[in-house]
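The values are calculated or read from the model by the stated rules, or taken from the named source; none is laboratory data. It should be emphasised that the depicted structure is a prediction, and the values quoted were computed from it without experimental measurement. Please note: Cβ atoms are built from the backbone with ideal geometry, for glycine as well, and neighbour counts cover all protein chains shown.
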Amino acid sequence: MRFIRYSEGSTQHWGVVVEDMVYSLADVPFGEPTYEDIATPGFREKVQQAVATDALTGIPRADIRELAPVPNPGKIACVGLNYHDHAEEQDEEIPEKPILFAKSSTSVTNPDAAIIHPEDVEQVDYEVELGIVMGRTAKNVTATDASDYIAGYTVVNDVSARDAQFEDGQFFRGKSYDTFAPMGPELVTEDAIDPNALGVRTRVNGDLKQSSNTEEFIFDTYEIVEYLSRVMTLEPGDVISTGTPGGVGVFREPPELLEPSDEVEVEIENIGVLRNHVIAE
């Protein structure tokens, strides 16, 4: 099932996407969903029934403004070096366990919103990533059971200030500038996709920069949830960004970084295209 957060006028709602229509969950008797609801098959069955019986108001998708599916995540946990092809382009050894870092939750921004190029940063880069959105509190879960704790999947652009990242010797500042986590456009549940077999792409001004598949994952989505839940308690609405494939701008010859006026599109098969434009601070 395909969920979406959107605004229509001054109000914000959840809806369900069916082809080019969005069916509003604003007025249903069971209420707009929590992330735990979305992770619950019984809730999704009720929503499906409401759509099938014309109980929900339909709005053309072209008439809404798409919003990030998780506007204020409790935490954004990120996995570095998680595609074989990305490790190869850096001439790095395959890690034996996931490499973790964090982004600030205030870096989240919406589809079609601006990515602000900070005045004091020269090397702003793109990274298409599959985002896992947690639906239940998870501690010490196994990979076998991990899918029961996941609300769904979305697209994340892990925008990165490479000069800040390399200067600091760690990732937090370079990953956490405001607007450096565009997210969306949809939150797609696992009954609609296989998260470990999805095409991923990045285009800048229409030119293809990254093209891979989550089959290239070193650690798949369930292994990541298992590993993270051993380290920390994962809570509903937490976002896990699962790493990017090869083709990032900083490792191109010569480097190809984002500049004001660029348009960047990150796309994941069966989830959608997340489009943003870059503006100067």
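Which ones in the stretch 1-47 are touching a strand residue (DSSP E or B) at 6+ places or on another chain (Cβ under 7 Å) and among the small types (Gly, Ala, Ser)? Working first, answer last.
Initial filter on the stretch 1-47 (touching a strand residue (DSSP E or B) at 6+ places or on another chain (Cβ under 7 Å)): 1-8, 12-17, 20-26, 32-33, 35, 38-39, 47.
Listed by number, the residues that qualify are Ser7, Gly15, Ser24, Ala26, Ala39.
Which pairs turn up if I take residues in the stretch 264-281 that are at pLDDT below 95 and crowded, with 20+ Cβ neighbours inside 10 Å and look for partners that are aliphatic (A, V, I, L, M) and part of a strand (DSSP E or B) with beta carbon separation below 6 Å, at least 6 apart in sequence or on another chain?
Matching pairs, first to second residue: none at all.
Give the residue, chosen from Val141, Val128, Val124, Val133, that is within 21 Å of Phe251 (Cα to Cα), of a type in the set (Val, Ile, Thr) and in contact with a helix residue (DSSP H, G or I) (Cβ under 8 Å, 6 or more places away or on another chain). Give the steps one after another, and end with the answer.
Values: Val141 fails: within 21 Å of Phe251 (Cα to Cα); Val128 fails: in contact with a helix residue (DSSP H, G or I) (Cβ under 8 Å, 6 or more places away or on another chain); Val133 fails: within 21 Å of Phe251 (Cα to Cα).
Of the residues listed, the single one that is within 21 Å of Phe251 (Cα to Cα), of a type in the set (Val, Ile, Thr) and in contact with a helix residue (DSSP H, G or I) (Cβ under 8 Å, 6 or more places away or on another chain) is Val124.
Report, by residue number, each residue of the stretch 24-62 that is among the small types (Gly, Ala, Ser) and either assigned by TED's automatic domain parsing to the domain that holds Ala151 or under 24 Å from Gly9 (Cβ atoms) (or both). Explain how you work it out, then say what you get.
Step one: of the stretch 24-62, the residues among the small types (Gly, Ala, Ser) are 24, 26, 31, 39, 42, 50, 52, 55, 58, 62.
Matches in the stretch 24-62: Ser24, Ala26, Gly31, Ala50, Ala55, Gly58, Ala62.
Tell me, yes or no, whether the stretch 182-192 has at least one residue that is farther than 25 Å from Glu45 by Cα and assigned by TED's automatic domain parsing to the domain that holds Tyr149. Before the answer, list the steps.
The initial filter retains those residues of the stretch 182-192 that are farther than 25 Å from Glu45 by Cα, namely 182-183.
Now narrow it down to the ones that are assigned by TED's automatic domain parsing to the domain that holds Tyr149: 182-183.
Checked against the condition, which is being farther than 25 Å from Glu45 by Cα and assigned by TED's automatic domain parsing to the domain that holds Tyr149, the stretch 182-192 yields at least one hit.
Within the stretch 108-117, can one find any residue that is exposed (fewer than 15 other Cβ atoms within 10 Å of the Cβ), touching a residue at least 40 places away in the same chain (Cβ under 8 Å), more than 25 Å from Ile271 (Cα to Cα) and in the same structural domain as Pro236 (by TED's automatic domain parsing)? Lay out the reasoning, then the answer.
Restricting attention to the stretch 108-117, the residues satisfying the condition of being exposed (fewer than 15 other Cβ atoms within 10 Å of the Cβ) are none.
So far as the stretch 108-117 goes, no, none of its residues is exposed (fewer than 15 other Cβ atoms within 10 Å of the Cβ), touching a residue at least 40 places away in the same chain (Cβ under 8 Å), more than 25 Å from Ile271 (Cα to Cα) and in the same structural domain as Pro236 (by TED's automatic domain parsing).
Give the number of residues within the stretch 137-193 that are among the polar types (S, T, N, Q) and within 15 Å of Thr106 (Cβ to Cβ).
Quick first cut of the stretch 137-193, residues among the polar types (S, T, N, Q) only: 137, 140, 142, 144, 147, 154, 157, 160, 165, 170, 176, 179, 189.
Filter once more, so that each one left must be within 15 Å of Thr106 (Cβ to Cβ): 176, 179.
Matching residues across the stretch 137-193 total 2.
Inspect all residues belonging to the stretch 204-215 and state whether any of them is crowded, with 20+ Cβ neighbours inside 10 Å, touching a residue at least 12 places away in the same chain (Cβ under 8 Å), on the phi < 0 side of the Ramachandran plot and not in a strand (DSSP E or B).
Scanning the stretch 204-215 turns up at least one residue that is crowded, with 20+ Cβ neighbours inside 10 Å, touching a residue at least 12 places away in the same chain (Cβ under 8 Å), on the phi < 0 side of the Ramachandran plot and not in a strand (DSSP E or B).
Restricting to the stretch 112-158, name every residue that is assigned to a loop (DSSP other than H, G, I, E, B) and among the small types (Gly, Ala, Ser).
Ala113, Gly135, Ala143
Taking the stretch 50-84, which residues are within 19 Å of Asn157 (Cβ to Cβ) and surrounded by fewer than 16 Cβ atoms within 10 Å (Cβ to Cβ)?
If we filter the stretch 50-84 for residues that are within 19 Å of Asn157 (Cβ to Cβ), which is where we start, we get 65-73, 75-83.
Within the stretch 50-84, Arg65, Pro71, Asn72 qualify.
Scan the stretch 93-106 for residues that are in contact with a helix residue (DSSP H, G or I) (Cβ under 7 Å, 6 or more places away or on another chain), surrounded by fewer than 23 Cβ atoms within 10 Å (Cβ to Cβ) and not hydrophobic (A, V, I, L, M, F, W, C) and report the count.
2
Filter the stretch 5-40 for residues that are in contact (Cβ under 8 Å) with a residue 60 or more places away in the chain, under 17 Å from Pro236 (Cβ atoms) and not charged (D, E, K, R) and give the result.
Thr34, Tyr35, Ile38, Ala39, Thr40
Would you mind telling me which numbered condition in (1) in contact with a helix residue (DSSP H, G or I) (Cβ under 7 Å, 6 or more places away or on another chain); (2) assigned to a strand (DSSP E or B) Val264 fails?
(1)
Which one of Ala151, Ala138 is at negative phi and either of a type in the set (Val, Ile, Thr) or more than 14 Å from the chain's Cα centre (by Cα) (or both)?
Numbers: Ala151 fails: either of a type in the set (Val, Ile, Thr) or more than 14 Å from the chain's Cα centre (by Cα) (or both).
Going through Ala151, Ala138 in turn, just one is at negative phi and either of a type in the set (Val, Ile, Thr) or more than 14 Å from the chain's Cα centre (by Cα) (or both): Ala138.
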